[in-house]
Amino acid sequence: MHGHQPHPATPISDAAFLMKSGKKRGNYNCGRCGLPKKGHKCPLTDENDDMSTPVSTPADAGGDSSTVATRNSASAAVSGSLTGISPPSVMRPLPPSRRRRALSFDDISVAESVDELEEERGDWEEDLDLDGSGKLPVSCLWEVLRRLPPAGLLSAARVCRGWRETSKRLWRAAEELRLRVPAKAQIGFVGSVLQKCPGLLKLSLRIESDVDATMLACIAFSCPNLQSLEIFTSDSSVNRLSGDELSRFIAEKRCLTSLKIEGCSNLGGFVFSSTSLSTLWLSDLHSLSKMVFNCPNLKEISLDFSRQENDSTDLTTVVDAMGRSCPKLQNIHIASIRLSHAAVLALSAANLRGLRMLSLVLGLEITDASVAAIASSFSKLELLDLSGSGISDSGIGMICNVFPETLSKLLLALCPNITSSGIQFAAAQLPRLELMDCGMTLCDPNSGNSTDEEDNDYELDKTPNSKLHLIYQKLIIKHNRLKKLSLWGCSGLDALYLNCPHLSDLNLNSCRNLHPERLLLQCPNLESVHASDCQDMLVKTIQTQVYSDFSDYLPSKRLPDGSKRIRVPLFCNPQPSDDDKKWRRPAKRQCSVILTS
């Protein structure tokens, strides 16, 4: 196989999306001299190694001869001399009318079935020259290279000709790409990488330099069939995109279904018009003059505004227009300090019957009346996030009365008017609850003013007795489906009793006043407990309770006559049979106590 040239027209089995339609196998003639490849040793291989790869040229009208263009006249003279000294008795077949370059990918298309791909796999493996790769099978080489990052794949392409061919096929087969753009990289770096992936559908960029309209133009030109775009920025980068530029990009990309962009502080205003867009995430928004959504198929929207006090965005108008022009919305997330009860009323007036997830964060003016409007308009919510709002235990009562059968995730962090009684009521009245976040809700108002124990005692002496119940609160939760519970920053929590058999994640970070002797965790499936910035005695108590094996304890049952029936210890039981081992419950995972934030 000294004279074999790689034949990239046949894809491999692991890339089912590159299979050829029909039985088109490509060109089986030598790319240098035009003779059939089977059993053929090209005479131009040894003597013309320094020549460039031949370029395809159309044949003349008569079809008697075809010319091959090279980069210099000397190589053409060598080719002509070799053609002239061939013996007259050997009739060399005429070269094909349309010659292809040895590294051409023009005839790659998408196949229709996996069976056709399996038939062509053997031919592709024979065509590739994997000298220097240790006789590694093509399928294994594909699986290895497809797991490399873009930089590693570029380096692997320099190993040998076979690896270069496989790398090119990988680039062309890529449908999803995650790329980090360094701060010193130019726009040409992104363009050169994207041009290697003409079939790219999903693109995620983490940019450490500035983002402008040139970057959007490069993406639009290099990825014509792009469906999902994510642009994440670093702390040192600046997003200079304007609202008109982003609106033009969305209008031109008719295949775009998902768009997520960070650092959108310079938009000013926009008019988004798209019939394909279904997911839109924009963060760091600030002082938008206009926000128009002409997206009838939009299902998920996330608008994260900056925390600056001078933000002049009229959220009431924005929410009203969004609710009327996007009737298929299912998930809404809005984070802004300008959220108010009027904005909630405007959202409730929209006919969004399919709404399943509602997140209104940092709205201090959202009260129990806002909760009543939400409960009357959206009766099928599965997630409700009112973190940073001004609701109280009465609002939690309305939530429990309306969503007992649908709500599975409730987030009430940074709500200072909620007490432990409201949290216990929510856990008892919401049987489908799987996630609850009450971080920084049960807070000690004096925790930030003292740094040591003496100062704490002094502050407690000054605290009126009427406010002590707000500092030292007891929380008892018994739930059969709860999986994640977050109590981070609850410095006002004094006692905690949990009986949650399916709880797997517990966050107790910065629970400084939680007493070790008033902690009881009956959660056999706990996998992780976060306990950073807690007392050392509390951490030891947590480790003792989660590391102990509850199966070693001997449970008892009290009979009607007052006696106890104790389970027989394990060592007194007969040895289990093989059938019993098959149905034995798997061992409980070891729980980890995380002390770093």
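Checked against a 32 Å cut-off, the cross-linked pairs Lys290/Lys484; Lys184/Lys409; Lys202/Lys478; Lys290/Lys483; Lys290/Lys328; Lys260/Lys478 give Cα-Cα distances beyond that limit for Lys290/Lys484; Lys184/Lys409; Lys202/Lys478; Lys290/Lys483; Lys260/Lys478.
The largest accessible area among Leu345, Leu205 belongs to the first residue in Leu345, Leu205, and the rest follow in falling order (1.4 Å probe, all chains). Looking at the stretch 142-252, the DSSP beta bridges with both ends there are about 0 percent antiparallel. In the stretch 309-448, taking the dipole from charged Cβ atoms about the Cα centre, the farthest positive-side position among Ala427, Cys415, Asn331 is held by Asn331. Relative contact order for the stretch 176-279: what is it in percent, counting Cα pairs under 8 Å that are at least 6 residues apart? This gives 25 percent for the stretch 176-279.
The label point for Asn401 and the one for Arg178, both projected 7 Å from the Cα toward the Cβ, are 4.6 nm apart.
Rolling a 1.4 Å probe over the heavy atoms of the protein chains gives the stretch 145-201 an accessible area of 53 Å² per residue. For the stretch 264-382, the fraction of 1.4 Å probe accessible surface lying on carbon and sulfur atoms is 50 percent. The mean sequence separation of alpha-carbon pairs under 8 Å and at least six residues apart, normalised by the residue count of the stretch 225-366, gives a relative contact order of 17 percent.
The values are calculated or read from the model by the stated rules, or taken from the named source; none is laboratory data. Treat the numbers as computed from the prediction; the structure is a model and nothing was measured. When we count neighbours, we look across all protein chains shown, and the Cβ atoms used for this are built from the backbone with ideal geometry, even at glycine. We work out accessible area using only protein heavy atoms, side chains counted, and drop any ligands, DNA or RNA first. Shrake-Rupley method; radii C 1.70, N 1.55, O 1.52, S 1.80 Å.
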